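Undergrad: Pasting a structure here, questions to come.
The values are calculated or read from the model by the stated rules, or taken from the named source; none is laboratory data. Just so it is clear, the structure is predicted and the values come from calculations on it, not from any experiment. Cβ placement follows ideal geometry from the backbone for every residue including glycine, while neighbour counts extend to all protein chains displayed.
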Amino acid sequence: MTEKKSVRRRRFFSLGVVSFTAFIFNLSFSIILTSAKPYLDKMDPEAGTDFLGLFIAAQPLAQLIFSPIMGYLGNKLGSIRILSMISMSFLAAGFALYACVAALPEPRRWYLFAARFLIGAAGGSITLCFSYIATATTTKERTMAVSLFQMAQSSAFVVGPAIQAAFAPLGSIIPVEGESQLYFDMYTGPAWLSVILAIINVFVFLPCMFTEYNIAREEGEYLAGLAAKKDKEANKETPKLKDPDVIGLVTCIIVFASVQFNFIFLESVATLLTMEMLGWDEQRAIVIVGIGFACAGLYSGLIFSVMAPTSRKVGERVVMLAGILFLLLGPVALYPYNGPPPQFRCNGTGIKIARNNHWPGCPNCAQPWCETLPAITSGQMITGFALIVTGFPMGASMGNAIFSKILGPFPQGTWMGILGAGACLARVLCPISVTNLYSTYGTWYAFGFMTLVMAVVLVIFLVFYKHLVPYKYDESR
């Protein structure tokens, strides 16, 4: 199969456009990653940690709904252009609402929920991007293309938290009771920046910038033609295309969902742990956790960059197995093994102890386990998060690559939507379950639950290991 150099350049440029889209979406998402908990507390102090899980889950819940819809519509329309432009419009609207919550009447928690839901609805564009990569690359190119796509997403997590940290000097403005106003501070500034980026992304999909290609179909027809020619020469009946291995596809969905489960786990507890276990105030937590996420994004990007050559050398399934093991060990490192309890937020009478006009520490008045369980140290947090950040790119890139190869020549939009929906379901369940286990029972239960989830995923992966192989056009070959 031959391809003109000019066509190949345009095709590679189109892959760059979808990677840029993923970068913009994840950049916008990561800009507000570390400030979700403090912003919720500012806008609605009565919401509490229990609502935090639902607040964080709003975004993946919307993706759970819209990912398969976008994948299905992408297949039906045969194009991702209009759908991607609509998705980016949702992103702009969601962040505009997020920034304007202070101007709306109390209670504001549900406005924040609605804003994150709109942002999540825009996540359907990621399904479209994955689907397009599968159709605009050959089988040989796909692992590299997926790795570069994931690296673009990862690089957004380098820049995003750094941007949030850069807005920190603006400080936070506490809404005046009974008044509704618009504020431009460390929380709303990044949201308005995200609105601008989303609007730019809409224009990137105009016909003058973006041209769509489907080389996967051409490759499938070419290989099928070769197989038919060889069978004709050997006087054999031309074999029909067999269905893709559903067991392998479901296994990939489970593994990919568990990878997302662990990542949203970081979002759910990173800032929360530093404020409650280490006693940091909100501004310090946002800045340092933001820097930590930026370093983690850079580190993940480096891992993504070596995924393609590494997988060719040792095999994609081996890399995926290594990723699962790292993700299994991450929560184990966060167990509260020994040491003193964290500093308390309340005294013996249940009154909050103010330190420099902040309320740091573990809220023992609402979470009695704070007084009996050891605090998690900063060293444990660094170790646990490093293990998870190491496993995430391995599982994410190999999960997508193997999933796409199992599908082979079949239309990938709907299946990619299902893959995205599985990941979103995990990202809905994780913040709700983990934050509720954490607030009610403490760190042992929360991190023990994470370990149990990954142990089950490891068993499933090993049992169905042999199904995780690329689609074969001819069973006899």
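Undergrad: Can you tell which of Leu437, Leu419, Leu429 is under 15 Å from the mean Cα position of the chain (by Cα), of a type in the set (A, V, I, L, M) and more than 13 Å from Leu61 (Cβ to Cβ)?
TA: Leu419
Undergrad: Another question about this same structure. Exactly one condition in (1) under 17 Å from the mean Cα position of the chain (by Cα); (2) at pLDDT 85 or above; (3) surrounded by fewer than 19 Cβ atoms within 10 Å (Cβ to Cβ); (4) not β-branched (Val, Ile, Thr) is false for Pro309; which is it?
TA: (1)
Undergrad: Let me ask another. Residues that are in contact with a Phe, Trp or Tyr (Cβ under 8 Å, 6 or more places away or on another chain), at pLDDT 80 or above, part of a loop (DSSP other than H, G, I, E, B) and on the phi < 0 side of the Ramachandran plot: does the range 131-143 have at least one?
TA: Yes, the conditions are met somewhere in the range 131-143.
Undergrad: For Val17, all conditions in the list (1) under 17 Å from the mean Cα position of the chain (by Cα); (2) of a type outside the set (Gly, Ala, Ser); (3) assigned to a helix (DSSP H, G or I) hold save one; what is the number of the exception?
TA: (1)
Undergrad: Assuming Thr137 fulfils every condition listed in (1) more than 18 Å from the chain's Cα centre (by Cα); (2) surrounded by 21 or more Cβ atoms within 10 Å (Cβ to Cβ); (3) under 24 Å from Pro38 (Cα atoms) apart from one, which condition is it?
TA: So Thr137 meets the others, but not (3).
Undergrad: Confirm whether Ser433 is modelled with pLDDT of 80 or more, of a type in the set (Ser, Thr, Tyr) and more than 12 Å from Phe261 (Cα to Cα).
TA: No, not satisfied.
Undergrad: So, one more: Just to be sure I understand, how many residues within the range 389-425 are surrounded by fewer than 24 Cβ atoms within 10 Å (Cβ to Cβ), hydrophobic (A, V, I, L, M, F, W, C) and closer than 30 Å to Ala285 by Cβ?
TA: 1
Undergrad: Checking Ser79 against (1) in a helix (DSSP H, G or I); (2) out of contact with any Phe, Trp or Tyr (no Cβ under 8 Å at 6 or more places or on another chain); (3) at pLDDT 85 or above: exactly one of these is not met. Which one?
TA: Unmet condition: (1).
Undergrad: Moving on to the next point. Going by the structure shown, is Val158 modelled with pLDDT of 85 or more, within 23 Å of the chain's Cα centre (by Cα), of a type in the set (Val, Ile, Thr) and within 30 Å of Leu302 (Cα to Cα)?
TA: In short, no.
Undergrad: Now a separate question. When you scan the range 37-51, how many residues do you find that are assigned to a helix (DSSP H, G or I) and at pLDDT below 80?
TA: Total meeting the criteria: 4.
Undergrad: Just to verify a result, which residue in the range 20-31, among those that are of a type outside the set (A, V, I, L, M, F, W, C) and either outside any helix (DSSP H, G or I) or within 11 Å of the chain's Cα centre (by Cα) (or both), is farthest from Ser125 (Cα to Cα)?
TA: Ranking the qualifying residues of the range 20-31, first place goes to Ser30.
Undergrad: Let me ask something else about it. Which count do you get for residues in the range 293-317 that are touching a Pro at 6+ places or on another chain (Cβ under 7 Å) and farther than 25 Å from Gly248 by Cβ?
TA: Of the residues in that region, 3 qualify.
Undergrad: Provide a single number: the residues in the range 364-394 that are farther than 14 Å from Phe344 by Cβ and aromatic (Phe, Trp, Tyr).
TA: 2
Undergrad: So which of Ala426, Ala401 is part of a helix (DSSP H, G or I), among the small types (Gly, Ala, Ser) and more than 17 Å from Thr139 (Cα to Cα)?
TA: Ala426
Okay, residues lined up against (1) within 20 Å of the chain's Cα centre (by Cα); (2) surrounded by fewer than 21 Cβ atoms within 10 Å (Cβ to Cβ):
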{"site": "Pro45", "(1), (2)": "no, yes"}
{"site": "Leu61", "(1), (2)": "yes, no"}
{"site": "Gly71", "(1), (2)": "yes, no"}
{"site": "Gly74", "(1), (2)": "no, no"}
{"site": "Leu77", "(1), (2)": "no, yes"}
{"site": "Leu91", "(1), (2)": "yes, no"}
{"site": "Gly94", "(1), (2)": "yes, no"}
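Undergrad: With respect to Gly248, determine if the residue is in a helix (DSSP H, G or I) and touching a residue at least 24 places away in the same chain (Cβ under 8 Å).
TA: Numbers: in a helix (DSSP H, G or I): yes; touching a residue at least 24 places away in the same chain (Cβ under 8 Å): yes.
Spelling it out, Gly248 is indeed in a helix (DSSP H, G or I) and touching a residue at least 24 places away in the same chain (Cβ under 8 Å).
Undergrad: Given the conditions (1) at pLDDT 85 or above; (2) surrounded by fewer than 16 Cβ atoms within 10 Å (Cβ to Cβ); (3) more than 30 Å from Ser172 (Cα to Cα), and given that Pro368 satisfies all but one, which numbered condition is not satisfied?
TA: Result: Pro368 passes all but (3).
Undergrad: Quick one: in the range 76-134, which of the residues that are without any contact (Cβ under 8 Å) to a residue 60 or more places away in the chain and in contact with a Ser or Thr (Cβ under 8 Å, 6 or more places away or on another chain) is farthest from Leu61 (Cα to Cα)?
TA: If we take residues in the range 76-134 being without any contact (Cβ under 8 Å) to a residue 60 or more places away in the chain and in contact with a Ser or Thr (Cβ under 8 Å, 6 or more places away or on another chain), then Leu83 is farthest from Leu61 (Cα to Cα).
Undergrad: Considering only the range 30-72, state which residues are aromatic (Phe, Trp, Tyr), within 19 Å of Val434 (Cα to Cα) and in contact (Cβ under 8 Å) with a residue 60 or more places away in the chain.
TA: Phe55
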